[in-house]
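S.K.: One structure, as structure tokens, below. Some questions next.
The values are calculated or read from the model by the stated rules, or taken from the named source; none is laboratory data. Since the model is a prediction, treat every value here as computed from it, not as a measurement. So basically every Cβ, Gly included, is an ideal-geometry build from the backbone, and we count neighbours across all protein chains shown. Only protein heavy atoms, including side chains, enter the accessible area calculation; ligands, DNA and RNA are left aside. Shrake-Rupley method; radii C 1.70, N 1.55, O 1.52, S 1.80 Å.
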Amino acid sequence: MTLFEQHQLPCILESRLSKRYQTLIMEHMTVNSSNAPGVESLRHHTQSWASTQATWRFYHNEDVTFPMLSGPMLGLARSGVKESQSRYVLMAHDWCHINFAKHHSKLDKTKMSHALDVGYELQASLLVDANTGAPIAPAGLNLLTSNGIYQCRSQELQPKQSHLDSLFDSIHWQEQLHLDKPLVHVVDREADSAKDLRRLGSVHWLTRTKKGSTFRHEGQFKTAEIISRTISPDLKGVISLRGKEGYLFVGETTVELHRKSEKLASAAPTCRFVMSLVTDDEGKELARWYLLSNVLDVDATEIATWYCHRWNIESWFKLLKSDGHQLEKWQQTTAESILKRLITASVATTLIFKLYSDSSDEANEFKGFLVKLSGRLTKRTKPVTQPSLLAGLWVFLQMCEVLDTYTMDEINAMRQIASSFFAQSV
């Protein structure tokens, strides 16, 4: 049974290309070295060059389009949402700079924040379980270049857009996917625009606002900071924030999405204003957020917890970059090839998410086995991590490759040869 058949994933690539795609996904089940960021090969070493050439031809094949590659990724998203026990599913959105300043062969790079910050800008959307905060699957990838925007949902290069215009186009497309549960789109404070939030209409959203942003509250225009002073937050419990535990205090009120600088002919829509405060054991403030949301049928504590879950997209970016695939070291020379490989890596990380979230006895035993194979030290409070699963899985896949290539007599002979160099430790 193939990988796609096992997970019942849609793929309309012809048979030969589909088989190559599944091989590439398995070859991305690894943690790359910054000095060797290329695609790993599971085949015997005498075939490694042929495998490299096949990979190059695959990413440059005109029949391999972004929507075709995205089919399995969206299939995993659909099944993950269906399996979730939460009433809502979060769609976390964020931007990530991919710096290729030292890669002179990439001619479609764009300047991002400053002269040395040159490369591509990734705008990504990650589905997250609203109850547990566990990542489910990516459901949107846009790559900004000097020539325009490549999107996982379209093969054609799109014209450049502002951050929010590009984001809102993605949101409206994701709403048309008709996933099994309603989405809540979670964005950091870049979406703090009353005018733009009104554009979303009935779409469920959650965002963080700046303390100096103004809203109409109780008939007057006030900043978020001043509005928060009218709220008496209550202690709601203990939460985990960026690897640390803290006490969560939450309070809320209602505001109108109307800025002082705007003139509205009609009344602006109202939304919830949730003040969330996290402190340590000594009362020291660890985080303070001013949150806005139009989701009305959940407790304010749940709104605050949802925003904490948004941090998972940052962890995913780290897995794609320094903790896993070394994205900023990839040698592909065009953004088109980079995005095709990025979609492939995203399917691989989604399968790791699936294993990581599985709490069955069988899955826990396998995860412990992979962590042991990875040779990595983990915290007692977090014995299993996604990078350790990637690292251990690659060792396991290589073990399976060896067992398929050599007989036990040949392996024991190799073991005898090794013992002459390394004593009985082998």
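S.K.: Does any residue of region 345-354 turn out to be open to solvent by less than 50 Å² (accessible area, probe 1.4 Å), outside the structural domain of PHE396 (by the TED database) and more than 14 Å from the chain's Cα centre (by Cα)?
M.R.: no
S.K.: Of the residues VAL203, VAL184, VAL274, which single one is part of a loop (DSSP other than H, G, I, E, B) and either touching a Pro at 6+ places or on another chain (Cβ under 6 Å) or surrounded by 15 or more Cβ atoms within 10 Å (Cβ to Cβ) (or both)?
M.R.: Answer to the selection: VAL203.
S.K.: Which number in (1) in a strand (DSSP E or B); (2) surrounded by fewer than 20 Cβ atoms within 10 Å (Cβ to Cβ) marks the one condition that GLU282 misses?
M.R.: Evaluating GLU282 over (1) in a strand (DSSP E or B); (2) surrounded by fewer than 20 Cβ atoms within 10 Å (Cβ to Cβ) leaves (1) as the failure.
S.K.: Can I ask one more? Kindly evaluate LEU235 against the criterion of being open to solvent by 50 Å² or more (accessible area, probe 1.4 Å), under 30 Å from LYS379 (Cβ atoms), modelled with pLDDT of 90 or more and out of contact with any His (no Cβ under 6 Å at 6 or more places or on another chain).
M.R.: Taking the combined requirement at face value, the residue satisfies it.
S.K.: A further question on this structure: When only residues in region 301-310 that are at pLDDT 90 or above and open to solvent by 10 Å² or more (accessible area, probe 1.4 Å) count, which is farthest from LEU248 (Cα to Cα)?
M.R.: ARG310
S.K.: Can GLU252 be described as open to solvent by 30 Å² or more (accessible area, probe 1.4 Å), part of a helix (DSSP H, G or I) and not assigned by the TED database to the domain that holds SER33?
M.R.: Taking the combined requirement at face value, the residue does not satisfy it.
S.K.: Failed condition for ARG288, given (1) in the same structural domain as TYR247 (by the TED database); (2) at pLDDT 95 or above, with all others met?
M.R.: Against the list (1) in the same structural domain as TYR247 (by the TED database); (2) at pLDDT 95 or above, ARG288 comes up short only on (2).
S.K.: I'd like the residue in region 311-327 that is of a type in the set (Gly, Ala, Ser) and out of contact with any strand residue (DSSP E or B) (no Cβ under 9 Å at 6 or more places or on another chain) and, out of all such residues, is most open to solvent (accessible area, probe 1.4 Å).
M.R.: This residue is SER322.
S.K.: Can you pull out the residues in region 81-112 that are in contact with a helix residue (DSSP H, G or I) (Cβ under 7 Å, 6 or more places away or on another chain), over 14 Å from ALA335 (Cα atoms) and among the β-branched types (Val, Ile, Thr)?
M.R.: VAL89, the sole residue that qualifies.
S.K.: Consider ASP323 carefully, then state whether it is among the acidic types (Asp, Glu), more than 18 Å from the chain's Cα centre (by Cα) and modelled with pLDDT under 95. If you could, list the steps in order and put the result at the bottom.
M.R.: Values: among the acidic types (Asp, Glu): yes; more than 18 Å from the chain's Cα centre (by Cα): no; modelled with pLDDT under 95: yes.
So ASP323 does not fit the description; no.
S.K.: Something else about it: Do we have SER18 as surrounded by fewer than 20 Cβ atoms within 10 Å (Cβ to Cβ), among the hydroxyl-bearing types (Ser, Thr, Tyr) and either under 15 Å from ARG341 (Cα atoms) or touching an Asp or Glu at 6+ places or on another chain (Cβ under 7 Å) (or both) here?
M.R.: Details: surrounded by fewer than 20 Cβ atoms within 10 Å (Cβ to Cβ): yes; among the hydroxyl-bearing types (Ser, Thr, Tyr): yes; either under 15 Å from ARG341 (Cα atoms) or touching an Asp or Glu at 6+ places or on another chain (Cβ under 7 Å) (or both): yes.
The answer is yes for SER18.
Table: residues versus (1) among the aliphatic types (A, V, I, L, M); (2) outside the structural domain of SER337 (by the TED database); (3) open to solvent by 20 Å² or more (accessible area, probe 1.4 Å).
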{"position": "ALA130", "(1), (2), (3)": "yes, no, no"}
{"position": "ALA134", "(1), (2), (3)": "yes, no, yes"}
{"position": "PRO138", "(1), (2), (3)": "no, no, no"}
{"position": "SER154", "(1), (2), (3)": "no, no, yes"}
{"position": "ASP169", "(1), (2), (3)": "no, no, yes"}
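S.K.: I'd like to check something: does region 373-388 contain any residue that is charged (D, E, K, R), in a helix (DSSP H, G or I) and out of contact with any helix residue (DSSP H, G or I) (no Cβ under 7 Å at 6 or more places or on another chain)?
M.R.: No, that holds for no residue.
S.K.: Would you mind finding the one in LEU264, LEU257 that is modelled with pLDDT under 95, farther than 12 Å from SER276 by Cβ and touching a Pro at 6+ places or on another chain (Cβ under 7 Å)?
M.R.: Details: LEU264 fails: touching a Pro at 6+ places or on another chain (Cβ under 7 Å).
The unique qualifying residue is LEU257.
S.K.: If I ask for residues that are assigned to a loop (DSSP other than H, G, I, E, B) and open to solvent by less than 30 Å² (accessible area, probe 1.4 Å), which ones from region 113-128 would you list? First the steps, then the outcome.
M.R.: Pass one, region 113-128, residues assigned to a loop (DSSP other than H, G, I, E, B): 113-117.
Across region 113-128, the qualifying residue is only ASP117.
S.K.: So SER232 fits all but one of (1) assigned to a loop (DSSP other than H, G, I, E, B); (2) touching a residue at least 40 places away in the same chain (Cβ under 8 Å); (3) of a type in the set (S, T, N, Q); what number is the exception?
M.R.: (2)
S.K.: Being touching a Lys or Arg at 6+ places or on another chain (Cβ under 8 Å), open to solvent by less than 80 Å² (accessible area, probe 1.4 Å) and in contact (Cβ under 8 Å) with a residue 12 or more places away in the chain: is that true of LEU241 here?
M.R.: Answer is no for this residue.
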